[in-house]
1. Do the alpha carbons of any pairs in Lys187/Lys304; Lys213/Lys896; Lys5/Lys264 sit beyond 32 Å of each other, and which pairs?
2. Just rank Ser598, Ser320, fewest to most, by other beta-carbon atoms within 10 angstrom.
3. What number comes out for the charge environment of Ala504, summing +1 per Lys or Arg and -1 per Asp or Glu over other residues with Cβ under 10 Å away?
4. Taking the stretch 166-225, which GluC sites (Glu not before Pro) meet the DSSP loop condition and have no more than 16 other C-beta atoms within 10 Å?
5. Dipole size in debye (nearest 20) for the stretch 738-818 around its Cα centre, Lys and Arg Cβ +1, Asp and Glu Cβ -1?
6. Please report the antiparallel percentage of DSSP beta bridges with both residues in the stretch 466-596, rounded to the nearest 5.
7. Through the Karplus equation 6.51 cos²θ - 1.76 cosθ + 1.60, θ set to phi - 60°, convert the phi angles of the stretch 343-356 into ³J(HN,Hα) values in whole Hz; use x for Gly and Pro.
8. In the stretch 389-596, if the dipole is taken from +1 on Lys/Arg beta carbons and -1 on Asp/Glu beta carbons about the Cα centre, which of Val490, Gln428, Ser516 is farthest to the positive end?
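Please treat every number below as a calculation from the coordinates, not as lab data. This structure is a prediction, so every number in the text was calculated from the model and none was measured. Backbone-built Cβ (ideal geometry, glycine too); neighbour counts: all protein chains shown.
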Amino acid sequence: MSSWKNHRVVIASLFLPTTAVLGESPPSSPDAGAQEIIFTPNNFKLGEPPRSPLPQRPGPLKSIVEDLKSRTATPAATTPGVEVLNPFSSLFAQNLASKPTTRTSSPNPVATPGLGIGNVPSRVPRRTLTDHHIPHRVQRKHSRSSSTRRPDPEPHLSQQWHVEFNPHCNGGLRNALDSVEDKIRKKLWVGVLGTNTDGWKDPLKKNVERRLKEEQDSQTVWIPDSEFAGCYDEFCHQVLWPALHYAVPDAPKTKFFYESASYKQYVAVNQRFADAIAANYQEGDIIWVNDYHLMLLPRMVREKLPNAIIGFFMHVAFPSSEIFRCLSVREPLLRGLLAADLIGFQTANYARHFRQTVSRILAMEALPKGVQTDERFVDVAAFPMGVDVRLLAERKKDPEVAEWVQSLKQRYAGMQMIVGRDKLDEVQGVRHKILAFEMFLNEHPEFRGKVVLIQVALQTTEENESHGGVADIVARINSRYSTLTYQPVVFLHTEDLSFSQYLALLTVADAFIVTSLREGMALRTHEFVECQEERRRPLILSEFTGSYSYSGFRSCIAINPWDSRGTADAIHKALTMPDEEAASRWDDLHHHVVSQNSQAFVTSFLTRCLRTNIEHLRGDAQEVAQFDIGHVLPRYKHSDKRLLLLDFEGTIWKRDPRSRAFNPPDEVYRLLNKLADDPRNDVWVLSGLPAKGAMEVLAEKVPKVGIVAENGCFIKTRPSRNGEAQWIDMVANFNLSWKSLCMELLNYFTERTPGSFVEEREASIVWRFWSGPPDESSGDRQWALRQAAEAQNHIFDSLGERYGLRIIPGANSFLVLPNNISRSTAVGAILHPGGPAHSPLAGRAAWMAPEVAETGDVADTDFVLAIGSDEKLLRRLNELDSAETVSTGRKGTDAKWRLDAEQVVPALSQFANI
């Protein structure tokens with residue numbers, strides 16, 4: 001298999017990592033531009049006042065820059081030359097005489113040092129703040145041009161433009177890809193600029209598109225402003241974002257949630273992305289689709305590029321099916337994702353939620369490794385995102401970080417600092433954090449004047465801030481506990497903060513606190529851990545974040561953000577924790593951050609995506625040839641030791657699902673006896689039917705055949721030399737107490753579903769919810785399908801994990817059985833050297849051990865023929881050089897051959913007659 005390093009990676013993300021801004025870039029001369037140096041990502045320009053942290057409200061929230069200026073001296077030990085290059089030095093001087101400012105919804109244009117007018121940099125400096133995926137409303141405005149005009153390098157263009165870092169881009173994804181830049185042969189970003197473009201003329205658009213593609217590896221997707229606003233501001237923010245984070249909108253927002261017309265704009269935006277990807281596609285490209293903005297894109301791309309390598313990664317949380325099912329457009333969203341080869345999530349819990357949602361809403365078979373659709377098997381897995389530890393270590397060595405560390409220590413000498421960084425919306429739980437901090441101050445008066453909460457606030461909308469309800473609590477706390485020299489809560493916005501200053505905050509913090517109500521991966525906690533290499537102070541982390549689900553992060557102080565008293569106790573525990581305990585906890589956290597870094601994330605995802613696509617193409621139904629008896633028959637004829645594995649019902653015998661009678665035609669008995677009479681043949685029949693009343697009858701009629709009953713729960717060995725055979729119970733040591741509970745549930749659904757009935761077997765249960773004609777438009781059948789999905793729901797939730805059960809859905813029924821039992825595991829036992837295919841009376845020998853998982857040694861068997869529809873078994877047998885695998889199913893298959901079920905008996909008759 002080729003490596004992903006030999007493929008171009010096409011990254012589809014809503015926003016490009018860089019954007020085009022109208023107006024000339026600042027002068028590149030050091031003298032002329034010294035005051036214009038921008039420390040990405042603070043996104044403000046010197047010469048203009050910084051944003052005030054929040055709109056005017058009672059008890060204004062202070063910026064850390066203002067706080068440090070008003071309460072301490074300038075950073076220590078800086079030379080005049082360095083002072084000129086320090087943006088905060090100039091900022092301090094401006095703040096003394098600054099006029100009242102108002103907060104804007106998007107930053108003014110910023111520039112990168114060293115750019116000439118109209119020139120595009122080879123690379124824009126990386127941004128390392130990593131909470132990229134929290135959606136923020138984009139105010140797509142034109143940027144103001146510089147007042148000094150220079151000759152246009154392309155006279156036909158009416159406006160100058162330059163490149164800037166895109167503050168709306170998925171920063172964590174970009175950093176992760178940059179961390180493996182030396183391994184990626186070539187990449188192409190596909191996304192939007194994040195600014196209004198309706199007023200741009202075609203020559204300008206073509207110029208921007210060409211130069212971004214050539215110099216920034218970025219393909220621009222042009223979307224009308226109104227269409228983008230409907231998709232992003234309404235559907236993504238008002239519908240998808242709340243649902244994915246367990247915040248189903250209440251009555252005032254139900255119109256958006258259930259009847260959102262903006263879904264049409266969402267479809268249109270996804271289609272524009274698909275068109276752009278198809279237009280730029282090169283054979284062998286790995287198409288990596290990112291996040292909930294583009295959930296329809298995999299299917300749209302698949303329709304244009306059937307064999308393309310497509311992976312999708314969800315950067316945010318994924319809820320349980322009970323939440324997701326509330327979406328009116330749930331089915332197209334799920335089907336859009338299922339066209340990918342691989343679907344990745346931040347945690348195993350989110351991946352499990354997705355599999356369960358697909359099973360319950362689309363009635364597809366969900367397995368631990370993925371979902372079986374009509375077309376293919378889609379891999380579903382967890383890929384924890386991380387940070388670039390090496391880059392972070394380099395940034396920590398910046399002299400400016402050390403200066404600000406000293407400044408913070410001087411300002412807050414004798415105090416303990418708790419640091420947090422979140423958006424001021426409901427999901428991030430900032431209100432819960434501050435309420436807990438207030439309770440902490442109430443219950444521990446000895447800490448008043450000795451601890452300060454420094455909260456970094458990410459950019460958000462005024463509406464989200466008001467819903468977050470933070471300002472009133474902060475005003476109350478500060479008015480109650482502040483003194484002339486002490487303010488308990490200090491706010492700053494990322495626009496007012498350089499990355500060096502942010503790292504300094506993490507370095508001096510006595511604790512870092514995250515109180516998210518629901519979140520994917522809290523990468524800011526990874527940054528905190530790495531900045532605490534010397535101090536090793538504790539992390540307070542919400543148990544509702546994706547980070548907490550990993551064992552390495554269980555060494556944090558876990559909190560339920562809804563429990564203010566518990567969070568207050570956690571704050572006290574963190575501030576009073578002995579250094580030895582804190583260091584031990586830090587070691588565990590550090591090990592996880594280092595091992596699950598950004599390089600591991602990219603490498604594992606792309607490797608799995610490529611491997612999965614290759615497996616899918618190999619098993620594509622259209623590529624599998626019809627069973628060529630003329631090609632296989634000579635091998636069968638000249639082999640000395642043969643193993644035949646034959647599915648029974650649905651393959652050799654077409655059973656009427658409406659009948660419970662066991663009445664195969666005599667033709668089937670004669671065929672099996674004839675095959676078994678050949679001394680070179682070991683014939684095994686694989687069935688889902690019970691031993692009692694069904695397979696025992698078959699054993700009497702065809703005594704020389706080995707039998708697997710109830711999908712591997714029971715095995716009847718082939719007779720020994722003295723003619724004896726025995727039934728072996730493969731589930732003898734299993735806890736089967738779940739059956740009575742499952743029967744009770746299914747009897748309830750049977751009463752509600754006309755024509756349905758339950759088949760209780762020795763170690764499994766089948767519920768046949770439909771016995772009528774397969775008319776998909778029938779109202780009764782639709783009702784039965786809904787009841788089947790609901791029944792699977794209840795069984796999985798109440799019994800599945802508790803008893804280790806799995807559910808195998810079919811067109812008209814589903815089967816419930818123990819997790820570690822299948823036809824594939826039964827065949828593994830048969831093929832084992834000590835198994836019943838080699839030693840019929842081996843009893844409970846080594847082949848029955850649980851570790852028997854791989855295909856056994858069949859060196860003495862020179863021909864294996866397997867016919868059936870169990871894909872797991874067929875894939876397993878493909879590992880044998882001597883195997884001929886034949887699929888009778890109608891779905892995509894990994895088998896070497898395909899054969900209609902009606903043709904199986906005639907085909908086997910030709911083998912029997914040799």
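1. Going by Cα-Cα distance, Lys213/Lys896; Lys5/Lys264 fall outside the 32 Å limit.
2. In increasing order of surrounding Cβ atoms, one gets Ser320, Ser598.
3. Working: positive: Lys396, Lys409; negative: Asp398, Glu400, Glu403.
Residues near Ala504 contribute -1 overall.
4. Glu181
5. It comes to approximately 120 debye.
6. 10 percent
7. Going residue by residue, I get 10, x, 10, 5, 9, 5, 5, 5, 5, 5, 4, 5, 4, 5 Hz, with x marking Gly and Pro.
8. Farthest towards the positive pole: Val490.
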